[in-house]
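**Student:** Please find one structure pasted underneath; my questions will follow.
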2 protein chains.
Amino acid sequence: MAEEVSNKQIVLKDYVKGYPKESDMVLKTSSIKLKVPEDCHDAVLVKNLYLSCDPYMRNRMSKIEGSYVDSFTPGSPITGYGVARVVDSCHPNFKKGDLIWGITGWEEYSLIKSTEGLFKIQHTDIPLSYYTGILGMPGTTAYCGFYEVCSPKEGETVFISAASGAVGQLVGQFAKLLGCYVVGSAGSKDKVDLLKSKFGFDDAFNYKEEPDLNAALKRYFIKKGWSRLACRERKLRTTSSSRDNERSLGNVLPDGIDIYFENAGGKMLDAVLLNMRNHGRIAACGMISQYNLEETEGARNLFCLITKRIRMEGFLVFDYYHLYPKFSDMVVPLIRQGKISYVEDIAQGLESAPAALIGLFSGRNVGKQAVVVAHE
Amino acid sequence: MAEEVSNKQIVLKDYVKGYPKESDMVLKTSSIKLKVPEDCHDAVLVKNLYLSCDPYMRNRMSKIEGSYVDSFTPGSPITGYGVARVVDSCHPNFKKGDLIWGITGWEEYSLIKSTEGLFKIQHTDIPLSYYTGILGMPGTTAYCGFYEVCSPKEGETVFISAASGAVGQLVGQFAKLLGCYVVGSAGSKDKVDLLKSKFGFDDAFNYKEEPDLNAALKRYFIKKGWSRLACRERKLRTTSSSRDNERSLGNVLPDGIDIYFENAGGKMLDAVLLNMRNHGRIAACGMISQYNLEETEGARNLFCLITKRIRMEGFLVFDYYHLYPKFSDMVVPLIRQGKISYVEDIAQGLESAPAALIGLFSGRNVGKQAVVVAHE
């Protein structure tokens, strides 16, 4: 007979409208046998070590239909990305003792029947928590969003909102490695300092202290003399050669945003549109400012997409997991060599998970928010 | 001595705010010598035959800075696309008697100093007015917007707003030639009839009679049983092969919009976003519903760009004129063989030009709006 143990779980009470609260989730204790039931082919039973708090989870707290993710089930444990140790397995690819990352439950032990979304952890010299972040879903998001969607080139100008978050901090470092000029926005002085000192951003600002986001972006992206150059550039029938000439004329300081990595939405997107360069690209990764609003803010400056020939493209990491091995091969050496940094904000214990998740939406976290459930 | 003749002109009185009126323009009569002045190297002097009324001209009536076009100059004749006969030339590529299309003045005779934007008309068995439309800027716009920006594939579903206009009617016919399912919106019963009978659209509707644009689009693009199929499709980690399977399961009727050719903006864009398929494409060509608003409407459903992985891309025809010969080689035979139709709305005489231009914004025109200034 398999050992039966108690199993603390974080359960969603009911669908959420508006701003989520800690009390929307409740801690329950049930029990679980540490063995995969006989009728569960290909399933694994895991002990959860780290859980990941990610902004997309807000959508799953609402009653949604026909979206790319399911709603959470009220009365059942929340699910999300995590790192776990395999306790028992009926799956040929996973054996007892293996470390995995992927979709698991917000509980101490989980029976995972959908194993297609699990990755075996190969590199254990790297902190395991990193597989909720830089080496997990957020890292893959940053990689495919920047390299596959943004079409970045050396010397281009990059702006990142929510830049100190799980994804943003990596996008900025990828862009610096490529030789871009990189500015980020974040929601506190500490985060702004982190962007400049730890992640090597060229500059950063606290969006909460900027009454005029358009003016803030102009400070970092529009050089003096811009109006003369940019107006000339934006005339009818401008050729790419004349654009190149103007870039070389104006290469001391940038004169607009080539790439915007969109995590914020709302007013920030509208301000960015006014400051994009011709032929710019916007990778839409998230719009966290809008997730808790009953009615979303409208983007009023979309006509800029036309006048500036901007490509705005939404993406989901799920379409890019086939690139995970390529991404991992690139980023693991960079981590080992200290060429890339990752800041985490790790809450202690499953009990702290609801507050950690809610904290994402007020920006309480500094860096990637995760929860440690057990130290092995 | 060159002959001096009187020259009627349409002059912009002052910069326009909000909805433009006929009285914002005034007819003046000046005089002009029918000879290129000696200090104007490479200039041509032309007799204008047709003038083109295009929505983008609204922007030029405002005081704008740093955009892709200049404002018109108050007190001077309006400029725009037209068809003209060369009366005198100092340019090696154009000789007296040549027919050209390109940027000219809203007047009987124009001295054109910027000749880079002029195209010599090669095919004179085709109505000359077509060079303001199907064989001019709007035709090239439709061609590059559809083939270069939309990445269309046979069997895809296409929605076009302002579909009976100078650009939309062509996009729809290109899409039908490729084997797409095509629906258009327009602003009157006559235009809707035209889309279905003349241009071969699969369906069409009058947006002015639809209190709920989302519901209207669902009528044409969402099949019964959609929710089951589309929900399955939109789940996490859908692979392209499973998408293809679902498409083949559901190929009797469409289940969303693959391609939206955006001419309208505002509420229509918001409704379209709700009805796009995963991996859809939006070519942003114009947003005519917004041009006369002091404050634009906001697009509230942009989060769909992310959940459905949509690419929305603005474009300007000026970036694609190098494709004009390729476009012309394709479309001229189609016109001659009667495989493509083009409906024009031609106002008589320069005096009627202001009303014709203003009419675009209330949708008074049926098809491409042009003005005949002289029949040779």
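**Student:** Relative to the present Cα-Cα distance, how much length would full extension add between B:Asp329 and B:Asp212 at 0.36 nm per residue of separation?
**Tutor:** In short, 38.0 nm is gained.
**Student:** Between A:Ser114 and A:Asn292, with labels modelled 7 Å along Cα→Cβ, what's the label distance in nm to one decimal, could you check?
**Tutor:** For A:Ser114 paired with A:Asn292, the spin-label model returns 2.7 nm.
**Student:** Separate question: Per-residue ellipticity at 222 nm for the protein assembly as shown, helices alone: DSSP H runs ≥ 4 residues times -39500 (n - 2.57), over residue total, nearest 500 deg cm²/dmol?
**Tutor:** -6500 deg cm²/dmol
**Student:** Follow-up question, since we're still on this one. In nm, what does the list of distances from A:Pro92 to its counterparts in the other copies look like, shortest first, when each label sits 7 Å along Cα to Cβ?
**Tutor:** 7.3
**Student:** Here's a follow-up. Within segment B:3-39, which residues have the backbone N less than 13 Å from the label spot 7 Å out from B:Ala355 along Cα→beta-carbon, could you tell me?
**Tutor:** The answer is B:22-23, whose backbone nitrogens lie closer than 13 Å to the label point.
**Student:** Moving on to the next point. Shortest first and in nm with one decimal, please list how far the A:Lys17 label point sits from its counterparts in the other copies (point 7 Å along Cα→Cβ).
**Tutor:** 4.0
**Student:** Cut-off under 14 Å on the C-alpha distance; same-chain residues fewer than 8 positions from B:Lys8 excluded. Which aspartates and glutamates are left, in chain and number order?
**Tutor:** Of all the aspartates and glutamates, those that pass the test against B:Lys8 - Cα under 14 Å, at least 8 places apart if same chain - are B:Glu107, B:Glu108, B:Glu351.
**Student:** Let me ask you something else. Between the label point of A:Glu3 and that of the same position in each other copy, find the distances and list them shortest first in nm, with every label point placed 7 Å from Cα along the Cα-to-C-beta direction.
**Tutor:** From this label point to the equivalent ones elsewhere in the assembly: 10.7 nm.
**Student:** Would you please put B:332-343, B:184-195 in order of how densely packed they are, using the mean number of other Cβ atoms within 10 angstrom per residue and starting with the highest?
**Tutor:** Listed from highest to lowest mean packing, they are B:184-195, B:332-343.
**Student:** Quick one: net charge of A:Thr157's neighbours, Cβ under 10 Å, K/R +1, D/E -1?
**Tutor:** After counting each charged neighbour, the total is -3.
**Student:** Same structure, new question: Compute the relative contact order of chain B as a whole-number percentage, counting only Cα pairs closer than 8 Å that sit 6 or more residues apart in sequence.
**Tutor:** Relative contact order here is 17 percent.
**Student:** Mind listing which GluC sites (Glu not before Pro) in segment B:265-363 are in a DSSP loop and have 16 or fewer other Cβ atoms within 10 Å?
**Tutor:** B:Glu294, B:Glu295
**Student:** Another question, if that's okay. Over all residues in B:277-286, what is the mean tally of Cβ atoms on other chains that come within 10 Å of each residue's Cβ?
**Tutor:** Shielding by partners across B:277-286 averages 2.
**Student:** Please work out which residue of chain B brings its Cβ closest to the axis of the rotation superposing B onto A, and round that distance to whole Å.
**Tutor:** Rotation axis B onto A, closest Cβ, rounded to whole Å: B:Gly298, 1.
**Student:** Here's another thing I want to ask about it. Over the whole of B:293-301, what's the average partner chain Cβ count within 10 Å per residue? Rounded to a whole number, please.
**Tutor:** Per residue, the number of nearby Cβ atoms from other chains is 4 on average.
**Student:** In the protein assembly as shown, what percentage of the DSSP-assigned beta bridges are antiparallel, given to the nearest 5?
**Tutor:** Bridges in the protein assembly as shown are about 60 percent antiparallel.
**Student:** Of the DSSP beta bridges with both residues in chain A, give the percent that are antiparallel, rounding to the nearest 5.
**Tutor:** So the antiparallel bridges in chain A amount to around 60 percent.
**Student:** Can you tell me which of A:Leu217, A:Leu49, A:Leu118 moves the most in a GNM of chain A? Springs connect C-alpha atoms under 10 Å apart.
**Tutor:** Its mean-square fluctuation being the largest, the pick is A:Leu118.
**Student:** Give the separation of the Cα centroids, segment B:1-28 to segment B:317-376, in Å.
**Tutor:** Using only Cα atoms to place each centre, the spacing works out to 21 Å.
**Student:** Give the average, rounded to an integer, of partner chain Cβ atoms located within 10 angstrom of each Cβ in A:262-275.
**Tutor:** Mean partner-chain Cβ count within 10 Å for A:262-275: 1.
**Student:** Here is a further query. Which links in B:Lys267/B:Lys339; B:Lys96/B:Lys368; B:Lys189/B:Lys218; B:Lys21/B:Lys326 stretch past 27 Å when you go from one Cα to the other?
**Tutor:** Violating the 27 Å limit, Cα to Cα: B:Lys267/B:Lys339; B:Lys96/B:Lys368; B:Lys21/B:Lys326.
**Student:** Another question, if that's okay. Under the rule a/c < 1.5 gives rounded, and otherwise a/b versus b/c splits prolate from oblate, where does segment A:1-147 land using the Cα gyration tensor?
**Tutor:** oblate
**Student:** Rank-order B:57-65, A:139-147, A:356-364 by packing density, defined as the average count of other C-beta atoms within 10 Å over each peptide's residues, highest first.
**Tutor:** Top of the packing list down: A:139-147, A:356-364, B:57-65.
Throughout, read-outs are computed from the coordinates displayed, never taken from laboratory work. Predicted model, so just to flag it, every value in this text is computed and none were measured. Here the Cβ is made from the backbone with ideal geometry for all residues, glycine too, and neighbour counts use every protein chain on show.
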